[in-house]
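The structure appears below as structure tokens.
Each reported figure results from applying straightforward, stated rules to the coordinates on display, with no laboratory input. Treat the numbers as computed from the prediction; the structure is a model and nothing was measured. Cβ coordinates were reconstructed from backbone atoms using ideal geometry, including for glycine residues, and neighbour counts include every protein chain displayed.
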Amino acid sequence: MAKNVATKIIGNHLVEGEIKAGEEIAIRIDQTLTQDTTGTMAYLEFEVLGFPKVKTKRSVAYVDHNTLQAGFENADDHKYIQTAASKYGIYFSRPGNGICHQVNLERFDVPGQTLLGSDSHTPTGGGMGMLAIGAGGMDVTVAMGGGPYYLNMPKVVNVKLTGELQPWVSAKDIILELLSRVSVKGGVGKIFEYSGEGLKNITIPERATITNMGAELGATTSIFPSDEVTLQFLKAQNREKDWQELVADEGASYDEIIEIDLATVEPLVACPHSPDNVVKIKDLPKTKVDQVCIGSCTNSSYADLLKVATILKGKTIPTDVSLVISPGSRSVLTMLSDSGALTDMIKAGARILECACGPCIGMGQAPSTNAVSLRTFNRNFFGRSGTTSASVYLCSPEVAAVSALKGEITDPRGLEPIKINIPEKSFVNDNMIIAPSEEGKTVEIVKGPNIKPFPQSKELPSTVSGSVLLKMEDNITTDHIMPSPASLLPFRSNIPALSEYCLTPVDKEFPARAKQRGGGFLVAGENYGQGSSREHAALAPLYLGIKGVITLSFARIHKANLINSGILPLTFIEKADYTRLERDDELVINNLRQQIVAGEILVVQNKTQGYTFNVKLEVSLRLKEVLLAGGLLQYTKKHN
């Protein structure tokens, strides 16, 4: 039977289940990655589970998010992660070495392997022909311990690329075009696999841009074949031994097909406050920019920034525009320096940030009040920049650089096309990646005072009850559930402190109300929990006593994180029941354990309004056992 790329890799790693869309499967994980905002919790969980050492082919811990050391907290987390990595057999990428996805692409991604990362943009590795999936920290912890990763087999969507991009149109415009067609929830339960003659002119960094923002589609992952373009990139990294050809068989079948003629794609921009709010720049009203940010795991490659430097060379940024640039890795920064491109950017007035996530996650460079910020990042959710009154737009590096010079969002077509030359060999120096100790048993793990034990749920009781503490609309993000501005990121290892801010962008009184009432239920519309993979968006509600979340639909990773934390992820069967529920309604689910064992329909009693309604618990038999045990940690301890 002819196979596509995704099913080939899944088939080679299948541990349980059948490769049939919607069926639960389990796959073996070759590599894992964590970063510092999710890694501390992952390694605390690894310690509790008692695993002596990782069992993957390679696991890497990165420090790229919490790099602003305004107090001891971040530095303490870095020390904890470094010592835990050394003890448990994990490579450690030091602060300043680069953004996890860019460094992993350069140094560790291997075509045909599987990668599980505690960051939602882990699918970046799909640009290398890897099956790379973002997940919650607890799922990554279990994978590091040798356990398989469970998921429902996604549908595989073939995105056929034909033709060739026109001057001033880039890979960022391809994924924005797809977002405009599919939306931020159109990719849920799907893998996007790219093919077609258009691939031959799309480099690995450009492919990685596309797979990176596949996360914004809600997709499980995105993937490109491994071909001659892949081999060329690996040769530049002195890693050609990692290459294997991996392409779809002739006649391979797909669940859906989307065709994009690259010649028709135009420069695009995502308007506030969603990555799928996409318009053609030529149709955008004249929009002055106050700030331009270039970088992030989406667009911080050497090629991206060399284009920016070429555009800026010999020019000066207007006095009323702030331009900041963050290279994706130390390799990229070194190559920019060696080529003179870094000097060109500095002379033009750009502020050069360290090789880290920085403004993309709200770690510094918050725009001024009511500012327009144009960014090459992947998300423009409300308030994510650190300034709630700001309007954030997303675009390509080329558009960002031209717009920074012009002082307004500008369609660059009509300007003389730029040309860049990429060297055959990249700068390679891994001295900022620390190998684990060969004598892990002797390594002492260092924990600072800000690192607190994570909350653990208990075995699911026979009856749960509580009030509706909050009723929310569609597309609530993990930034709403557990906000992460620069002031809060240092507390990612301190759930009690973080819980004081849980869901405060929706309702500032929520944490106090949840504690006063001893917990309860959350109610929301569609696509609840989209965005970051942070399990803190489940752990903070758990700490506040949330027993269940009832929605019209969930984002994939957040639903898994709720289950892992022992919180019931329930969906309305009738939209009218969502409409009818009010905040403060008292809900009761009797005979809960028996109802879960009996089927997927649970009966909920609304004591306040005096009626009952049905909800669905759409999980596998295994996940029912996880919930009954009180979460993945308790389930894993019981079965180890």
The long-range amide H neighbours of ARG351, using H built 1.01 Å from N in the peptide plane and a cut-off of under 5 Å, are LEU323, VAL324, ILE325
From the Cα centre of segment 554-619 to that of segment 268-342, the distance in Å is 45 Å
The exposure ranking of ILE573, ILE10, ILE317, fewest beta-carbon neighbours within 10 Å first, is ILE573, ILE317, ILE10
Of the candidates VAL188, ASN152, GLN82, the farthest towards the positive dipole end of segment 71-215 (Lys/Arg Cβ +1, Asp/Glu Cβ -1, centred on the Cα centre) is ASN152
Residue-ordered couplings for segment 241-254, obtained by feeding phi - 60° into the Karplus form 6.51 cos²θ - 1.76 cosθ + 1.60 and rounding to whole Hz (Gly and Pro as x), are 5, 7, 7, 9, 6, 8, 10, 5, 5, 4, x, 4, 9, 9
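Please give the net charge around ARG583, taking every other residue with its beta carbon less than 14 angstrom from that of ARG583, where Lys and Arg add +1 and Asp and Glu add -1.
Summing Lys and Arg as +1 and Asp and Glu as -1 gives -3.
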Residues of segment 470-502 with backbone N under 19 Å of the label point set 7 Å from the Cα of GLN516 along Cα→Cβ are 470-472, 499-502
Treating only Lys and Arg (+1) and Asp and Glu (-1) as charged, each at its beta carbon, one finds that segment 481-579 has a dipole about its Cα centre, in Debye to the nearest 20, of 180 debye
Inter-part gap, Cα centre of segment 167-206 to Cα centre of segment 501-531, in whole angstrom, is 34 Å
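Dipole size in debye (nearest 20) for the chain around its Cα centre, Lys and Arg Cβ +1, Asp and Glu Cβ -1?
1080 debye
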Checked against the positive end of the charge dipole of the chain (+1 on Cβ of Lys and Arg, -1 on Cβ of Asp and Glu, about the Cα centre), the farthest of ASN614, GLY520, LEU602 is GLY520
Loop-resident GluC sites (Glu not before Pro) in segment 402-505 with no more than 14 other Cβ atoms inside 10 Å, DSSP not H/G/I/E/B, are GLU424, GLU438, GLU439, GLU444, GLU459, GLU473
At R0 = 45 Å the Cβ-Cβ FRET efficiency linking LYS57 and LYS607, nearest 0.05, sits at 0.25
If every Lys and Arg gets +1 and every Asp and Glu gets -1 at its Cβ, then about the Cα centre segment 5-264 yields a dipole, in debye to the nearest 20, of 660 debye
Heads up, segment 464-639 by the C-alpha gyration tensor (a ≥ b ≥ c square roots of eigenvalues; a/c under 1.5 rounded, else a/b over b/c prolate, else oblate) looks oblate
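Full-extension gain between LYS441 and GLN244, please, as 0.36 nm times their residue separation minus the C-alpha to C-alpha distance. If you can, show how the numbers build up before the last one.
Numbers: separation 197, 0.36 × 197 = 70.92 nm, distance 3.61 nm.
The span from LYS441 to GLN244 would gain 67.3 nm if fully extended.
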Under the rule rounded for a/c under 1.5, else prolate if a/b exceeds b/c, else oblate, using alpha carbon gyration tensor axes a ≥ b ≥ c, segment 293-377 is classed as oblate
Residues whose modelled amide H sits under 5 Å from the amide H of TYR393, counting only those 5 or more places away in sequence or on another chain, are SER373, LEU374, ARG375
For the chain, whose charge dipole is built from +1 on Lys and Arg Cβ atoms and -1 on Asp and Glu Cβ atoms, the candidate among ALA132, LEU44, PHE382 with its Cα farthest towards the positive end is LEU44
Cross-link reach from LYS313 to lysines, straight Cα distance under 21 Å and at least 8 residues apart if same chain, gives LYS347, LYS406, LYS419
Ordered by number, the trypsin sites (Lys or Arg not before Pro) in segment 233-287 that occupy a DSSP loop and have at most 10 other Cβ atoms within 10 Å are LYS286
With x for Gly and Pro, the residue-by-residue ³J(HN,Hα) of segment 529-541, computed from phi through the Karplus equation 6.51 cos²θ - 1.76 cosθ + 1.60 at θ = phi - 60° and given in whole Hz, is x, 5, x, 4, 7, 3, 6, 4, 6, 10, 5, 5, x
Filtered hits (aspartates and glutamates, Cα-Cα < 19 Å from LYS20, offset >= 8 within chain) -> GLU193, ASP249, ASP255, GLU256, GLU618
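If each DSSP helix of 4+ residues adds -39,500 (n - 2.57) and the sum is divided by the residues in the chain, what number results at 222 nm, nearest 500 deg cm²/dmol?
Values: 21 runs with 186 residues, N = 640.
Rounded to the nearest 500, the figure is -8000 deg cm²/dmol.
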With ASN97 itself left out, Lys, Arg at +1 and Asp, Glu at -1 over residues whose Cβ is under 14 Å from its Cβ give -2
Rounded to the nearest Å, the spacing of the alpha-carbon centers of segment 434-495 and segment 29-107 is 15 Å
Counting sequence-distant residues (5 or more places) and residues on other chains, those with an amide H built under 5 Å from that of VAL159 are GLU193, TYR194, SER195, ILE258
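Please arrange ASP430, ASP76 by how many other C-beta atoms lie within 10 Å of their C-beta, fewest to most. Could you put the intermediate results ahead of the total?
Working: ASP430 15, ASP76 20.
Lowest count first: ASP430, ASP76.
Relative contact order (percent) for segment 522-640, with alpha-carbon contacts under 8 angstrom and 6 or more residues of separation?
Details: 186 pairs, mean separation 28.4, N = 119.
Contact order relative to length: 24 percent.
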Yeah, segment 129-236 with a ≥ b ≥ c from its alpha-carbon gyration tensor (a/c under 1.5 is rounded, else prolate when a/b outruns b/c, oblate otherwise) is oblate
Residue by residue through segment 48-54, the couplings from Karplus 6.51 cos²θ - 1.76 cosθ + 1.60 with θ = phi - 60°, in Hz, x for Gly and Pro, are 5, 6, x, 5, x, 6, 5
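With a cut-off of 8 Å between alpha carbons and a minimum separation of six or more residues, what is the relative contact order of the chain in percent?
On the way: 1598 pairs, mean separation 91.9, N = 640.
Reported relative contact order: 14 percent.
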